[in-house]
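The values are calculated or read from the model by the stated rules, or taken from the named source; none is laboratory data. None of these values were measured; they are calculated from a predicted model. Ideal geometry is used to build each Cβ from the backbone, glycine not excepted, and the neighbour counts take in all protein chains shown. Side chains included, ligands, DNA and RNA excluded: accessible areas come from the protein's heavy atoms. Shrake-Rupley method; radii C 1.70, N 1.55, O 1.52, S 1.80 Å.
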Amino acid sequence: MLAHSSTSRAPPLYLTSPSSPFQPPKSATMFSGPSQPRKSQLLPPHRRTSPLIWCAAIICVVLTLLLILAGIVTLVVFLVIKPRSPSVDLTAASLNSIYLDSLAYLNGDVSFLVNFSNSNRRIDVAFQSLGLELYFRDRLIAVQALRPFAQRTGESRLEATRMITSNVLLPADLAAELQQQVRENSVVYNVRGRFKVRARLGAGQFSYWISTRCEVKLTAPPNGVLVARRCRKD
């Protein structure tokens, strides 16, 4: 009988390269636990908004709404009431004297009657600052201020003013032209006015400036009278 030799079974070997670390089979990691997400570690921590920032934002929103509301109200007022600027006109004038000292220095006396009219039906106005300037050609020869006053709706007001020219130096060409106009009995002056107006509608009010230019033609002194005028707003 043949004797049966008992041989022991050797354990399985895993072949790996010398340079690579040992890697267990895939089945070895089948029962490993799930990996935990790390998103919470990448996001910044949540912070509460400061109450001061909320207050500033609310104030900005309120101011914006107030500005929009004020613009709408102003537009409605202008469309419904249609405010107008007061009109300024010269209704009369008298040239009392013109004298050239040494044929170069002008002295003169001229009077004007100025008509202020408020043609608005619902807006009262007040003239706060009034100034008149008298020119011969483009040469300023006299300045006069008027007293402030107020006007109700539809009112007109006449203001008399006297403008004195004292020793104003004229260039030779302007002096010769003025003398020629006196001889021809037709003296031309320019009057410029600038006025600050305050308009009032109910509890609201606003201010603005108006300017007027008038060219007047007068007869020669001492009894010079207004012959023609032409006024316009700037």
Legend entry - TRP54 accessible area, assembled protein chains, probe 1.4 Å, Å²: 150
Inset, instruction - Give me the accessible area of TYR105, 1.4 Å probe, in Å² rounded to the nearest 10. - result: 100
Legend entry - Area of GLU133 that stays accessible when all protein chains are in place (1.4 Å probe, Å², to 10): 70
Inset, instruction - Quote the charge dipole size of the stretch 167-211 about the Cα centre in Debye, to the nearest 20; the model charges only the Cβ of Lys and Arg (+1) and of Asp and Glu (-1). - result: 520
Inset, instruction - Determine the dipole magnitude for the stretch 118-234: charges of +1 sit on the beta-carbon of Lys and Arg, -1 on that of Asp and Glu, nothing else is charged, the reference point is the Cα centre, and the result goes in debye to the nearest 20. - result: 580
